[in-house]
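Just below is one structure, and these are the notes that go with it.
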Amino acid sequence: MDKVLSIMAIKLKSDRYEKHSIDIDGPGGNAFFILGRAKGYAEQLGYDSKAVLDKMQSADYIDLLIVFETFFGSVCDIKTDNKDLISSIYKRKEELYDGDHDV
């Protein structure tokens, strides 16, 4: 059975705000592009951008995506058609959240 993780948002119909997104199947999937977006979002949201970027770069690409989602999932969606990558992300999240790791 496929696992689906969803965060529901309830909004007014008149709310015109559209969430940003990054299509990681194209040039937007480049780690440097994602890091650049993270730096911009961190500065806009008042986060310590160096600390966020350091955490994003502390492991592999899957961890980079997980950390991005953790900090910026409320303002930006990551989109892909790569089901293997999605499975890898959910598997890694389960490992992180079931263990003693900090995400």
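Tabulated data for the structure shown
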item	result
Assigned charges on the beta-carbon of Lys, Arg, Asp, Glu; segment 21-98 dipole about Cα centre (debye)	160
Whole-Hz ³J(HN,Hα) from phi, Karplus 6.51 cos²θ - 1.76 cosθ + 1.60, for segment 39-54, glycine and proline x	4, x, 5, 4, 5, 5, 8, x, 7, 6, 4, 5, 5, 5, 5, 4
Sites VAL75 and ASP98 - FRET efficiency at Förster radius 22 Å, r taken between beta-carbons, to 0.05	0.20
Computed FRET value (nearest 0.05) for SER88 with PHE33, which takes r as the C-beta separation and R₀ as 22 Å	0.65
ILE22 long-range amide H proximity, modeled H, under 5 Å	ASP77, ILE78, LYS79
Cα-based shape type of segment 21-98, given that a ≥ b ≥ c are square roots of the gyration tensor eigenvalues and the cut on a/c is 1.5	oblate
Förster-model FRET efficiency, 22 Å R0, ASP25 and ASP48, C-beta, rounded to 0.05	0.15
Under 14 Å, Cβ to Cβ, from PRO27 - net charge with Lys/Arg +1 and Asp/Glu -1	0
Cross-link pairs beyond the 24 Å C-alpha cut-off, checked among LYS19/LYS83; LYS39/LYS79; LYS39/LYS83	LYS39/LYS83
Qualifying trypsin sites (Lys or Arg not before Pro) in segment 17-103, DSSP loop, other Cβ atoms within 10 Å at most 16	LYS19
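FYI, it's all coordinate maths here, none of it is from the lab. The shown structure was predicted, so the numbers you read here are calculated from the model rather than taken from an experiment. Note: ideal-geometry Cβ built from the backbone for every residue, glycine included; neighbour counts use all protein chains shown.
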